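Following: one structure in C-alpha cells, then a few remarks.
The values are calculated or read from the model by the stated rules, or taken from the named source; none is laboratory data. None of these values were measured; they are calculated from a predicted model. Counting neighbours? That spans all protein chains shown, and the Cβs are built from the backbone with ideal geometry, glycine included. Heads up: the accessible areas ignore ligands, DNA and RNA and are worked out on the full protein's heavy atoms, side chains in. Shrake-Rupley method; radii C 1.70, N 1.55, O 1.52, S 1.80 Å.
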Amino acid sequence: MIDLKVNGKLHQVDAAPDTPLLWVLRDNLGLTGTKYGCGIAQCGACTVHINGQPVRACVTKLAAVGNGAVVTIEGLSNDKSHKVQEAWIAEQVPQCGYCQSGQIMAAVALLQTAPKPTDAQIEAAMTNICRCGTYQRVRKAIYRAAGIKA
Amino acid sequence: MTTMNKLASVTRREFVAGSAATGGGLALGFHLPGIGAANAQVSAGLAPMAGEMNAWIVIGKDDTVTIRVHRSEMGQGSSTAIPQLVAEELQCDWSKVRMEFASVMRHIRENKVYVSFSTGGSQAIRGSHVYLRKAGATAREMLIRAAALGWGVPPADCRAEKGVVTHVASGRKATYGALADAAAKIAPPADVPFRADAVWNIAGQSPPRFDVPAKVDGSAVFGMDVKVPGMVHASIKQSPVFGGKVQSYDEAKVKSMPGVQAVVKLPGDGAVAVVAERYWQAKTAMDALPIVWDEGENGKVSQAAIIERLKAGLNEPGVKVRHDGDFDGAYAKAAKKVEAEYFAPFLDHACMEPMNCTASVTAGGVEVWVSTQNAEGALAAAAEAAGVPPDKVKVNLMYLGGGFGRRGRQDYVTQAVGIAKQVGKPVKLIWSREEDIQHGFYRPISMGRLQAGLDAQGNLMAYAHKVCGQSIFAYLLPHLVKDGVDASSVDGTHNQAYKMDNCKFDFVMRNSHVPVGFWRSVGSSQNAFITESFIDEVAHAAGKDPVEFRRGLLAHNKSWTNCLNMAAEKGDWGKPLPKGSGRGIAINACFGSITCHVAEVTVDARGRLKVDRVVVVLDSGHAVHPDNIAAQNESGVVYALTAMMHGEITIKDGRVEQSNFDNYPVLMFDQMPKVESYLSLTQGEWWGGVGEPSLAPLMAAVANAIFAATGKRIRSLPLKNQDLKTA
Ligand code: FES
Ligand code: FES
C-alpha cells in the first residue's frame with residue numbers, strides 16, 4: 001500500500017510503485033477525468049497538478065509522487081465554478097472534450113503563476129494536443145479567465 | 001397580473017388538476033379519435049411511455065421536453081443541433097429541453113424507428129432534417145388538436161408557442177406538459193408544413209451545447225472511462241504487418257506477472273491480448289510477451305513500391321469518370337498548356353481517445369459500452385462476434401473522444417467481445433496509442449495528373465484530371481465500385497461547379513495491402529488540394545488573378561459565386577501584404593456544402609511557414625447552430641493544417657513506420673492561425689453538411705498562399721518534406 005494525496009484526500013493505493021500516476025488515478029481511484037492520450041508525455045491529456053505544478057501523469061511514477069499533493073480535474077471545484085471552467089463554458093471550448101481536462105489543468109497552472117499571462121506565456125504553457133482543433137477557443141477562454149481583453 | 005396572465009394560470013391549474021383526476025390519461029373529458037395508432041411502442045406491444053409523442057419526443061408533466069438523438073456525439077455538436085431542429089418545429093420552451101441518446105435496441109425492435117445511427121458523411125443534420133422536423137411538427141399539431149378538443153374549438157383557432165397552446169380568441173392556455181398524455185393518443189397528422197428559416201427562433205440560434213458542461217469537470221463518460229462491476233482490463237497487440245498472423249507466443253513468460261489473468265488469441269489469429277486486473281498490469285505484460293508473427297507476403301511491401309505502382313498507374317488510360325466535349329482536340333489546339341502531377345500520402349485519424357471497448361458476454365447475451373460512430377454497426381458487430389441474435393445485444397453509446405471517420409469501423413468491438421467471451425468476465429479493451437496509429441483505416445494514398453489548355457486570351461479550353469489511388473470502396477464496400485470507379489476516390493474532381501466544356505476525368509485504381517477508410521472529407525481531402533492548387537497554377541499561367549479566373553468559370557453558379565466573392569471580400573483579397581507573406585484562395589464542394597478559404601501565410605528566410613489567418617466561408621444551405629458551425633470550421637482548419645504540415649503514414653516491411661505523436665506530430669497551440677468564419681447560405685431545399693466540408697480546400701488555399709509568398713508550387717504533401725527556403 002502506498003499513500004497518495006489526491007484532491008485533498010489521503011488514499012492508500014494498492015499498486016506497484018512504478019505504475020504511472022495516470023493509471024493509479026483512473027483504475028485504482030476511479031478518477032477518469034484524467035485521460036490517456038499517448039503515454040509518452042506528448043499530448044498532455046493526462047495533465048494533473050502536483051504541488052501546483054502541471055505534470056504529465058502518464059510518465060510520472062506513483063513512487064515519484066511521494067508526499068506531493070495531487071489535484072485532478074475533479075478537484076478543481078464541485079460545481080464547475082472554477083473561473084477557468086466557467087470561462088471554458090462561456091467560450092464553448094470543448095468539442096469531443098477528450099483533451100479538455102488536460103487543457104484546463106494546464107491553463108489553471110498557468111494562471112496560478114501568471115494571472116495576466118502574455119501571449120508568449122500562454123503559448124509556452126499550452127502544449128496540449130487537441131485533435132478537434134479547439135486552440136482558438138482555448139486562447140479566448142484563458143483571456144476571459146484572466147480578465148484580458150482580446 | 002394582467003387579465004391574460006391570470007386567465008392563463010387559472011386555466012393551467014384547472015388543466016393539471018383535470019389530468020391528475022383521470023390518472024394522467026384522458027384529461028377534461030377529451031374525445032380522442034384514433035387512440036393508439038400514433039404510438040410505435042403500442043404497435044410493438046410495449047406499454048407506451050407517458051408523454052411520448054413519438055420515438056423522438058417525450059413531454060413530462062413538468063413541461064420538460066426530452067428529445068432523442070440518434071447520431072453519436074464526437075464533438076461535432078449534433079447532440080445539440082438535432083434537438084434544436086426538433087424543438088423548432090415543436091415550438092417548445094428551449095430552456096426545458098433535455099437530450100438523451102436514442103436506444104439502438106428499440107431501433108432494432110421497432111423496424112428502424114430512428115432511421116440510422118451512422119454518424120458520418122456529415123449526415124447528422126443534412127440526412128435527418130426531414131424526419132426530425134416532421135417529428136417536431138406533427139407533435140406540435142397533436143398538442144394543438146388535443147387542446148382544441150378539450151376546449152371544443154377548431155384547432156386552426158389555436159396557436160402553439162414556447163411550450164404553450166393558446167386559443168387565440170379566448171386567451172385560454174394549456175402547457176405542453178398538461179396536454180402531452182392526451183396529445184400522444186391523437187393520430188399524427190400527415191403533411192404538416194415546416195417552419196421557414198426566416199421565422200426560426202430555436203434553430204438558427206447558438207444556445208450553449210448540451211455536452212459542454214460535462215466536458216469541463218471530467219464527468220463526461222467516454223468509452224475509455226466506463227466502469228462495470230467485476231471488470232478486468234485487456235491490452236492488445238495486432239500483427240504489425242497488415243494481414244499477418246500469430247505464429248506462437250510464450251505465455252509462460254508473463255503468466256505470473258502481477259495481476260495477469262489470461263493471455264488470449266483473438267479469433268482470426270491476427271492479434272493477442274493480455275487480460276489483467278488493471279490496465280497497467282495488462283499493458284506491462286503485453287509488452288513483455290514474446291510473440292512470433294507470420295508476416296506473409298505483405299511483410300515485403302515498402303512505401304517506395306506502393307508509390308511506384310501509383311506512378312505507373314498514371315500512365316494507364318484508367319476508367320472514365322466524366323468526359324465532356326472533346327478534350328484531346330481542344331488540348332491539341334491550345335495556345336498554352338499546363339501539366340502537373342500531385343501526390344497525397346496515407347494519413348491516420350489519430351483520434352484523441354485511442355480505440356477501446358468494454359464488453360460483457362453472459363448466457364443471457366452481450367452488452368457493450370463503446371465510443372462508436374455507428375451504434376447500430378456496433379450492435380451488429382457484437383452480435384456476430386458473440387454468435388447471438390441482435391435482440392440479445394445491448395449497446396451503451398458513450399461520448400467519443402474524436403471520430404473523424406475512424407470510429408465508423410467496429411474492429412475494437414469485435415475484439416472486446418472476442419476477449420470477453422474467452423475470459424467470462426466483463427473486459428475493457430484499451431488500445432495503446434501505438435496500436436491506434438499502426439492499425440488504422442488510413443486516408444488512401446493518391447496521385448493526380450492534370451492538364452489544362454488555354455487559348456491566347458487565357459481562357460480555359462481543355463481540362464483533364466486523372467486520379468490514381470487506392471480505393472476505399474474496393475476495400476470496405478466493393479458493391480459500391482461502379483464500372484471500375486470508386487466515387488469517393490474521385491470526389492472533388494469531376495463534380496465541382498467549374499464550367500469546363502472539354503474535359504476528361506479518369507480513375508486508375510491501385511490498391512495496396514494497407515487498410516483504408518473514410519478520413520474526414522474523404523476524397524476531397526486529397527482532391528480539393530490537388531484541383532484547387534492546379535486551378536491556381538492555370539490562373540497564373542493565364543496571367544489572371546486567381547479569384548478573377550475562378551469567377552469566370554463559376555459565373556453560371558450563384559451559390560459558388562457568392563461563396564467565392566464573400567471569401568475574397570472578407571479575406572481582403574488584393575490588399576497588399578509585406579514581403580515574405582502571401583494570400584491564397586481555394587473553393588470546393590463536398591458533403592453537400594461549399595467552402596471557400598482565404599489563407600494568409602508568412603514564410604521566413606529559413607523556410608519556416610506560419611499560417612497567420614484563415615477566412616472560412618461556408619454555404620451549408622441552412623445553419624442550425626451557427627456558433628457550432630464556426631467551431632467546426634476552426635476544427636477543419638486545424639485538422640487540414642496538421643495533415644498538410646506533418647501528416648504522413650509510411651510503410652516499411654509491410655507495417656506502419658509511425659507510432660505516436662512524437663513521429664506523427666499534429667498542429668499545436670502556438671501554430672494556430674486566426675480563423676474567421678462566415679456563412680453564405682443558399683437556403684431553400686438544399687441542406688449541406690458541416691463536419692467535413694470546411695476542411696477540404698484549406699490545404700490548397702495555404703499552398704496557393706505559399707506560392708504567392710515564395711513562388712514555390714507545392715505539389716506533394718506533407719510540407720515537412722518540402723524546402724520552402726527562397727534564397
Ligand atoms: S497521455 Fe500523458 S502526455 Fe499524453
Ligand atoms: S476537444 Fe477533442 S481533442 Fe480536444
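Quick look at the values:
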{"quantity": "Wholly enclosed strands (runs of 3 or more DSSP E) of segment B:268-349 bearing at least 2 residues open to solvent by 50 Å² or more (accessible area, probe 1.4 Å)", "calculated": "B:291-294, B:319-324, B:336-344"}
{"quantity": "Single condition B:A220 does not satisfy, out of (1) out of contact with any strand residue (DSSP E or B) (no Cβ under 7 Å at 6 or more places or on another chain); (2) assigned to a loop (DSSP other than H, G, I, E, B)", "calculated": "(1)"}
{"quantity": "Number of the exception - A:S101 against (1) part of a loop (DSSP other than H, G, I, E, B); (2) within 12 Å of ligand 2 (Cβ to nearest atom)", "calculated": "(1)"}
{"quantity": "Per-region count, segment A:138-150, residues farther than 12 Å from A:I104 by Cα and within 12 Å of chain B (Cβ to nearest Cβ)", "calculated": "2"}
{"quantity": "Residues that are among the charged types (D, E, K, R) and surrounded by 18 or more Cβ atoms within 10 Å (Cβ to Cβ), drawn from segment B:207-245", "calculated": "B:R209, B:D211, B:K215, B:D217, B:D225, B:K237"}
{"quantity": "Subset of segment B:676-693 (residues that are under 17 Å from B:A568 (Cβ atoms) and either in a helix (DSSP H, G or I) or in contact with an Asp or Glu (Cβ under 7 Å, 6 or more places away or on another chain) (or both))", "calculated": "B:S680"}
{"quantity": "Answer from A:T19, A:T47 - the residue that is within 16 Å of ligand 1 (Cβ to nearest atom) and more than 7 Å from chain B (Cβ to nearest Cβ)", "calculated": "A:T47"}
{"quantity": "Given (1) of a type outside the set (V, I, T); (2) within 30 Å of A:S81 (Cα to Cα); (3) touching a residue at least 12 places away in the same chain (Cβ under 8 Å), number of the condition B:P189 does not satisfy", "calculated": "(2)"}
{"quantity": "So B:S716, is it closer than 14 Å to B:E532 by Cα and surrounded by fewer than 24 Cβ atoms within 10 Å (Cβ to Cβ)", "calculated": "yes"}
{"quantity": "Whichever residue in segment A:88-124 is under 20 Å from B:D217 (Cα atoms) and small (G, A, S) and, among such residues, is most open to solvent (accessible area, probe 1.4 Å)", "calculated": "A:A90"}
{"quantity": "Close pairs from segment B:576-592: first β-branched (V, I, T), partner in a strand (DSSP E or B) and surrounded by 24 or more Cβ atoms within 10 Å (Cβ to Cβ), Cβ under 6 Å, at least 6 apart", "calculated": "B:I585/B:V598; B:I587/B:C596"}
{"quantity": "Odd one out for B:R551 among (1) farther than 19 Å from B:G523 by Cα; (2) within 20 Å of the chain's Cα centre (by Cα)", "calculated": "(2)"}
{"quantity": "Considering residues of segment A:104-121 that are assigned to a loop (DSSP other than H, G, I, E, B) and of a type outside the set (S, T, Y) only, the residue nearest to A:S81 (Cα to Cα)", "calculated": "A:P115"}
{"quantity": "Of the criteria (1) within 20 Å of B:E434 (Cβ to Cβ); (2) surrounded by 19 or more Cβ atoms within 10 Å (Cβ to Cβ); (3) within 7 Å of chain B (Cβ to nearest Cβ), which one A:I40 fails", "calculated": "(2)"}
{"quantity": "All positions within segment B:364-377 that are under 18 Å from B:M74 (Cβ atoms), among the small types (G, A, S) and either within 14 Å of chain A (Cβ to nearest Cβ) or part of a strand (DSSP E or B) (or both)", "calculated": "B:S371"}
{"quantity": "Inter-residue pairs, beta-carbon under 6 Å, first over 17 Å from A:A87 (Cα atoms) and in segment A:122-150, second of a type in the set (V, I, T), 6+ apart", "calculated": "A:I129/B:V666; A:G133/B:V638"}
{"quantity": "Residues of segment A:104-133 satisfying the condition of being facing another protein chain (nearest Cβ under 7 Å), more than 16 Å from ligand 1 (Cβ to nearest atom) and not acidic (D, E)", "calculated": "A:G133"}
{"quantity": "Qualifying residue in segment A:76-93 (condition: within 11 Å of ligand 1 (Cβ to nearest atom) and farther than 24 Å from A:G133 by Cβ)", "calculated": "no"}
{"quantity": "In segment B:615-665, residue farthest from the other protein chains (Cβ to nearest Cβ) [restricted to those that are among the small types (G, A, S) and part of a loop (DSSP other than H, G, I, E, B)]", "calculated": "B:G654"}
{"quantity": "Output for segment B:666-683, where each listed residue is more than 7 Å from chain A (Cβ to nearest Cβ) and open to solvent by less than 50 Å² (accessible area, probe 1.4 Å)", "calculated": "B:L667, B:P673, B:E676, B:S677, B:S680"}
{"quantity": "Within segment B:399-449, considering residues that are under 21 Å from the mean Cα position of the chain (by Cα) and among the β-branched types (V, I, T), the one farthest from B:C357 (Cα to Cα)", "calculated": "B:I445"}
{"quantity": "Members of segment B:342-363 found to be away from every other protein chain (no Cβ under 14 Å) and out of contact with any helix residue (DSSP H, G or I) (no Cβ under 7 Å at 6 or more places or on another chain), listed by number", "calculated": "B:F343, B:P345, B:F346, B:T362, B:A363"}
{"quantity": "Test: residue in segment A:43-58 that is in contact (Cβ under 8 Å) with a residue 60 or more places away in the chain and of a type in the set (V, I, T)", "calculated": "yes"}
{"quantity": "Residue in segment B:381-414 that is farthest from B:A271 (Cα to Cα), counting only those that are buried (at least 24 other Cβ atoms within 10 Å of the Cβ) and among the hydroxyl-bearing types (S, T, Y)", "calculated": "B:Y399"}
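So that you can scan it fast, the table gives a plain yes or no per residue for (1) open to solvent by 10 Å² or more (accessible area, probe 1.4 Å); (2) not hydrophobic (A, V, I, L, M, F, W, C):
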residue: B:S525; (1), (2): no, yes
residue: B:F534; (1), (2): no, no
residue: B:E537; (1), (2): yes, yes
residue: B:R551; (1), (2): yes, yes
residue: B:K558; (1), (2): yes, yes
residue: B:G571; (1), (2): no, yes
